[in-house]
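Worksheet: one structure, shown below.
The values are calculated or read from the model by the stated rules, or taken from the named source; none is laboratory data. Keep in mind that this is a model prediction, so the values were computed, not measured. Here the Cβ is made from the backbone with ideal geometry for all residues, glycine too, and neighbour counts use every protein chain on show.
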Amino acid sequence: MRSSPLRYLGLMFVVLLLAGGMLACDIGGGGAPSEPTIMITAPSSGSEFQVGDKISILSSASDAKGVTRVELYVDGVIYRTDPSPTPGGGKELTMYQEWIAEDPGTHTLSVIAVNVDGLESDPWAVTIRVAGDAAVPASSPTVEVGPPPTPDPGEPPTVTPTVEAPPPTATVPPPPPTPTVDPNAPVIKFFQANGEDETYIAAPGESVILTWDWERVDAGYLDPGNVALACPTMPCSFVVVPDGTTTYTLKAINSSATTKESVTVKIE
């Protein structure tokens, strides 16, 4: 029996429908989940520090679903893990972490961001140099003390005359110098921790926002750690999570002078 042309066309139409459905499944299946991204904004590669310095690592991470934590590695070994201050993770996260430089030499600092799905970012690393040696207390020289000399019984004892010291002459201290204010020096209008000017009392693990406003500034740094600051608009802000009571010093620098202001975060 010969098949009719109409039946043959019907079979071809069914085959094309099945092939199109399989192609649509392949296309609509979606790609793999995206990984978070992270970069270190301070310190920069090639920075130099001294043994004992507390080095501040400032990183910026992002993810469409949210970054839950940032891991800090020193020379390939994990040093600390810090969670996002935003419950459930934040899409944009600025993380402040510290490492104490105990060993001289060249070290690699790297960070990895982890999102809510547990996916890790590619690591971002910088290389720094730590100079100097740890201070070693000098030992005191040993002095041998012998017995006192035996006086000769045939000689009379020596009498040392007593001379009274002259009365001290009263000294009038000079007046303190009058400070000179450079009219071109940088001006720090305010420097606050969570809105407080001098001292802010925080709970352990609490994120604290440092804010400030300044003018006539060519470069700015934050201690401890000598963290370089970039302020495209005013007021500026910087998030810290101190391990203990810490005094933060803001340095505003231009070609004329350096101006400093400090605020203390007290942990209770």
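Here are a few things to note about the model shown:
- When region 79-101 is filtered for residues that are closer than 15 Å to GLY225 by Cβ and surrounded by fewer than 15 Cβ atoms within 10 Å (Cβ to Cβ), the ones remaining, listed by number, are ARG80, ILE100.
- Only one entry of GLY205, GLY225 meets the criterion of being closer than 23 Å to ALA101 by Cα, surrounded by fewer than 14 Cβ atoms within 10 Å (Cβ to Cβ) and not assigned by TED's automatic domain parsing to the domain that holds PRO87, and that entry is GLY205.
- If the condition is being in contact with a Phe, Trp or Tyr (Cβ under 9 Å, 6 or more places away or on another chain) and aliphatic (A, V, I, L, M), then region 184-230 contributes VAL187, ILE188, ALA193, VAL208, ILE209, LEU210, LEU222, VAL227, ALA228, LEU229.
- Residue among VAL136, VAL114 that is among the hydrophobic types (A, V, I, L, M, F, W, C) and either more than 30 Å from GLY52 (Cβ to Cβ) or modelled with pLDDT of 95 or more (or both): VAL114
- Residue in region 41-59 that is under 10 Å from ALA113 (Cα atoms) and touching a residue at least 24 places away in the same chain (Cβ under 8 Å) present: yes
- Selection from region 240-254 of residues that are touching a residue at least 40 places away in the same chain (Cβ under 8 Å) and among the polar types (S, T, N, Q): ASN254
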